[in-house]
Amino acid sequence: MTAPETSTPATPVRLARTVAITSGKGGVGKTFFSANLAAALARQGLKVLVLDADLGLANLDVVLNLYPKITLHDVFTGKAQLEEAILPAPGGFSVLLAGSGLVEYSRLTPEIRDQLVTIFEAVKPRFDVILIDTGAGISDVVLYAVSMAHEVIVVATPEPTSMTDAYATIKVLSTQQSRENLHMVVNQVGRAGDGRTICNQLQQVVERFVQGPNGVAPKLSYLGDIPLDTSVREAVQKRQLVLELHPGCAASQGVVQVATRLLARN
């Protein structure tokens, strides 16, 4: 008598940890931070992808000194396959670059939404971490890009306008996406400890004026600050990662600390 056949359970597909990096205000160094954070995570042995979701106003290629022949626009229009658009970047990670100056991507249409979801679902099994570099502000395109990620990092600077716009972003993410926990990074900090103070002050305002659908204010999880550092300006001008150009500088050390804290909170 033969033993009954037993089926081997399928091994579950491990999907990437997905993190959206956004800001209320432009010009806070969000894309530069995204690229250097990806490099810091790659140094930990992780397979990292940065998805450039700043559709129409992309500049990740400029930060990384890349001249892509194929972008997300080509994938969207069927001119290229997804595999052709995933490019290696300096720092040991991969990128999916968006086209720049494309007016048709300034508004979220059902077609763009469906194409983003299709691409996102296709790359999630291939990487350990996916960083979604969104545009600034609270447009429908930005908010939809954020909604695809499990975690969100809000990047701000100590400037009052940046903090005001960061508050607006946090409020919208809480009320519209029911976000109960948000990471925060403060860039261009002049003195050690100022970033945590700013985060605590913003948390107090959020607790006073923001209530999500569950009636609870979102919790801001402080990941760290990036010091104001002349090495960053030099890296930007040379279109290089500060982690590669000046790995020992204060800004590089700040990014590495943020990466370490992010991984510790997995």
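Let a ≥ b ≥ c be the square roots of the eigenvalues of the Cα gyration tensor of region 11-87; is it rounded (a/c under 1.5), or, if not, prolate (a/b larger than b/c) or oblate?
In terms of gyration-tensor shape, oblate.
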| For the chain, what are the DSSP H helices with axial Cα length of 24 Å or more and mean Kyte-Doolittle hydropathy of at least -1.0? | 160-177
| said: Restricting to Cα pairs below 8 Å that are 6+ residues apart, what does the relative contact order work out to for the chain? Please round to a whole percent. | reply: 24 percent
| field | Value of [θ]222 nm, deg cm²/dmol, for the chain, DSSP H segments ≥ 4, -39500 (n - 2.57) each, nearest 500 | value | -12000 deg cm²/dmol
| said: With both bridge residues required to lie in the chain, what share of the DSSP beta bridges run antiparallel, to the nearest 5%? | reply: 15 percent
| task | Could you tell me which of Val255, Leu243, Ala217 has its Cα farthest along the dipole of region 214-255 towards the positive end, charges placed at Cβ (Lys, Arg +1; Asp, Glu -1), taken about the Cα centre? | result | Ala217
| task | On the protein heavy atoms, probe 1.4 angstrom, tell me the percent of accessible surface of region 88-211 carried by carbon and sulfur. | result | 51 percent
| query | Between region 141-173 and region 225-266, how many Å separate their Cα centres? | reply | 21 Å
| said: With an 8 Å Cα cut-off and a minimum separation of 6 or more residues, compute the relative contact order for region 160-266 in percent. | reply: 27 percent
| field | Lys, Arg +1 and Asp, Glu -1 on Cβ, resulting dipole of the chain about Cα centre, debye, nearest 20 | value | 540 debye
| said: For a test of the definition: using alpha carbon positions, the gyration tensor, and the 1.5 limit on a/c, classify the chain as rounded, prolate or oblate. | reply: rounded
| query | How much FRET efficiency would the formula 1/(1 + (r/R0)^6) give for Arg239 and Thr118, where r is the Cβ-Cβ distance and R0 is 35 Å, rounded to 0.05? | reply | 0.70
| Using a Förster distance of 35 Å, the FRET efficiency for Glu84-Arg208 (Cβ separation, nearest 0.05) | 0.10
| request: Kindly report the accessible area of the chain per residue (heavy atoms of protein chains, probe 1.4 Å, no ligands, DNA or RNA), in Å². | output: 49 Å²
| query | What relative contact order, as a whole-number percentage, does region 129-207 give when Cα pairs under 8 Å and 6 or more residues apart are counted? | reply | 29 percent
| When the chain is fully extended, how far beyond the present Cα-Cα distance does Asn200 get from Thr260, taking 0.36 nm per residue of separation? | 19.5 nm
| So how much accessible area does Ile70 have, in Å² to the nearest 10, using a 1.4 Å probe? | 40 Å²
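The values are calculated or read from the model by the stated rules, or taken from the named source; none is laboratory data. Here the structure is a predicted model, which is why all the values come from computation and not from measurement. Cβ coordinates were reconstructed from backbone atoms using ideal geometry, including for glycine residues, and neighbour counts include every protein chain displayed. These accessible areas exclude ligands, DNA and RNA; they are computed on the full protein's heavy atoms, side chains included. Shrake-Rupley method; radii C 1.70, N 1.55, O 1.52, S 1.80 Å.
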